[in-house]
Amino acid sequence: ALRANGGTVVTGARVSAVTRESDVWQVKTAAGDFAAPVLVNAAGAWADVIADMAGATPIGLEPRRRTVISFAAPEGEDVRHWPFTKTVGEGFYLLPEGRGALLASSMDQTP
């Protein structure tokens, strides 16, 4: 819908500045400068950095490395309806990823 309405999705471009002039957000990035009346902070674990640049109060987010693997489901199995499975407490989780793949994570969170 964003693209259909003339919007642009830019990924992997480091933001160097966020300012507000009148009713428009100005964002300077490695991929160029952008302006819009609405700013969506979709920076994930780096959202506090963007919030700080925009003058908003950070909420304590920090980037963490997580281990995730995706692998083929057992041959001939349609795993789309398999349940999300998680160990009690720390450990790992497993869930279907499409028709023929599974995704697993050790739930690590390395700063």
Keeping the other protein chains in place, figure out the carbon and sulfur percent of the accessible area of the chain, with a 1.4 Å probe. 56
Can you work out the Karplus-derived ³J(HN,Hα) for every residue in segment 25-42? Use 6.51 cos²θ - 1.76 cosθ + 1.60 with θ = phi - 60°, whole Hz, and x for glycine or proline. 7, 10, 10, 9, 9, 5, 9, x, 9, 10, 9, 6, x, 10, 10, 9, 8, 10
Cα-centred dipole magnitude for segment 1-76, charges only on beta-carbon of K, R (+1) and D, E (-1), debye, nearest 20: 180
Which trypsin sites (Lys or Arg not before Pro) in segment 1-60 pass both tests, a DSSP loop state and at most 13 other beta-carbon atoms within 10 Å? Arg14
So what is the calculated 222 nm ellipticity per residue for the chain, using -39500 (n - 2.57) for each DSSP H run with n of 4 or more, over all residues, to the nearest 500 deg cm²/dmol? -1500 deg cm²/dmol
Per residue, how large is the accessible surface of the chain? Use a 1.4 angstrom probe and give square angstrom. 75
Assuming R0 = 35 Å, what is the FRET efficiency of Ala72 and Val9, from their Cβ-Cβ distance, to the nearest 0.05? 0.70
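The values are calculated or read from the model by the stated rules, or taken from the named source; none is laboratory data. Remember, it's a predicted structure, so these values are computed and weren't measured experimentally. Here the Cβ is made from the backbone with ideal geometry for all residues, glycine too, and neighbour counts use every protein chain on show. To get the accessible areas, we keep the full protein, side chains included, count just its heavy atoms, and leave off ligands, DNA and RNA. Shrake-Rupley method; radii C 1.70, N 1.55, O 1.52, S 1.80 Å.
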